[in-house]
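Heads up, the thing below is written out as structure tokens.
The values are calculated or read from the model by the stated rules, or taken from the named source; none is laboratory data. This is a predicted model, so every value here is computed, not measured. Positions of Cβ are generated from backbone atoms using ideal geometry, with glycine treated the same way; all protein chains shown enter the neighbour counts. Just the protein is used for accessible areas: all its heavy atoms, side chains included, with ligands, DNA and RNA removed. Shrake-Rupley method; radii C 1.70, N 1.55, O 1.52, S 1.80 Å.
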Amino acid sequence: MFMVENADALLPLPPVTFHILLALADEDRHGYAIIQDVAMRTGGELKLSAGTLYRSIQRMLEQGLIVETRERPAPELDDERRRYYRITPFGETVARAEARRLTRLVRLARASGFATGRA
Amino acid sequence: MRLFRILLHLYPAAFRNEYGEEMCDVFAGRRQNLALWVETIVDVVTNAAAAHWDLLRQDLRSAARSIRRSPGFAMTVVLVTGLGVGANTAVFTIADHVLIRPLPFPDPDRLVRVWQAPPGYRMELSPPNYRDWKTMSSSFEAMGAYWANAYNLVGSGEPQRLPGTVMTADVFRLLGVAPLLGRHFTDDDDADGAPRTVLLSYRVWQRISPETPVCWAKRSSWMTSPIQ
């Protein structure tokens, strides 16, 4: 496992990684729930496949962006076969850094007339 | 689902053991139709290749770190491995040429060597025995005899000691090979009093000119004869 200490070293984040961090920002989720959340947030535009999801999860675990959590939700909502993932403080830092980067990009795009809205 | 589990074997074993069950759950939760299967197969193939590549990169990074920490040990390992590979290559090359490759003649599996075998040892055939065997044998289509010797070639530059073979006329016919130029031996060459006939190897022929008179000498007795 290799840990990255500097959030900026991971930027720019792959889009799938950013979406997974967004899905975990509110609550811990298992893999299938992450797929559903990403699809819902993007209006069906991004449907993660199992292979893409779990490869990303593996990498994000190695980078320290997420951890597998042993805490389980309420029994009636729980599926004991599933593993839940939680965003780490470092993952939150990286997600914020990526959001700032994207915001700057959008601002530049607006200034150049490529995007509508205030620059 | 069984087919999906088989497809998962494309992933590295460690990845499959870690996430295989969850991936099966995700797949089972989706409505299965032909489009999903096509998408799944493409997804598995591409992601499995990427997963193997990720593993390889990790291993290479780890190896590079180890080499940087102990360059002397790494160099020793490389040298020893190189010696081992070289020795193996040499041994297998020899084994291939001597033991595995067939003889470069037509029907090599039909060629046999025969010896006299008195109890306890093996010996070459005497000429009278060879003649008797050739006449009386019904097991062999043809028979020829040969024995190795060495000769001095003089008269063409520096004298040279050349390995040679004396043989009966049948040998080349048996082997099914023909010379590049000229003829091989005939029954007339086997007759008593026939002129001495030599068949030169390609390498020797390259070295001497046909017009140059040469002497062939065996042991301490000198004989002069034209090359025929």
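Across the range A:79-113, which residue is farthest from the other protein chains (Cβ to nearest Cβ) among those that are among the polar types (S, T, N, Q) and surrounded by 15 or more Cβ atoms within 10 Å (Cβ to Cβ)?
Result: A:93.
Only one of (1) under 41 Å from the mean Cα position of the chain (by Cα); (2) surrounded by 14 or more Cβ atoms within 10 Å (Cβ to Cβ); (3) more than 10 Å from every other protein chain (Cβ to nearest Cβ); (4) hydrophobic (A, V, I, L, M, F, W, C) fails for residue B:13. Which number is that?
(2)
Inside the range B:37-48, can you point out the residues that are surrounded by 11 or more Cβ atoms within 10 Å (Cβ to Cβ) and more than 10 Å from every other protein chain (Cβ to nearest Cβ)?
B:37, B:41
Restricting to the range B:76-127, count the residues that are open to solvent by 60 Å² or more (accessible area, probe 1.4 Å) and either basic (Lys, Arg) or at pLDDT 90 or above (or both).
18
Looking at the structure I just gave you, is residue B:26 under 26 Å from residue A:63 (Cβ atoms), within 13 Å of chain A (Cβ to nearest Cβ) and β-branched (Val, Ile, Thr)?
In short, yes.
Looking only at the range A:41-55, which residues are among the aliphatic types (A, V, I, L, M) and either touching a strand residue (DSSP E or B) at 6+ places or on another chain (Cβ under 6 Å) or in a loop (DSSP other than H, G, I, E, B) (or both)?
Within the range A:41-55, A:46, A:48 meet the criteria.
Determine the pairs where a residue that is assigned to a loop (DSSP other than H, G, I, E, B), located within the range B:148-163, has a partner that is surrounded by 10 or more Cβ atoms within 10 Å (Cβ to Cβ) with Cβ atoms under 6 Å apart, the partner being 6 or more residues away or on another chain.
So the pair list comes out as B:155/B:213; B:155/B:214; B:155/B:215; B:156/B:208; B:156/B:212; B:156/B:214; B:159/B:152.
Could you say whether any residue in the range B:54-73 is facing another protein chain (nearest Cβ under 8 Å), surrounded by 14 or more Cβ atoms within 10 Å (Cβ to Cβ) and of a type outside the set (S, T, N, Q)?
The answer is yes, given that some residue of the range B:54-73 is facing another protein chain (nearest Cβ under 8 Å), surrounded by 14 or more Cβ atoms within 10 Å (Cβ to Cβ) and of a type outside the set (S, T, N, Q).
Any residue in the range B:46-59 that is closer than 22 Å to residue B:12 by Cβ and β-branched (Val, Ile, Thr)?
Checked the range B:46-59: at least one residue is closer than 22 Å to residue B:12 by Cβ and β-branched (Val, Ile, Thr).
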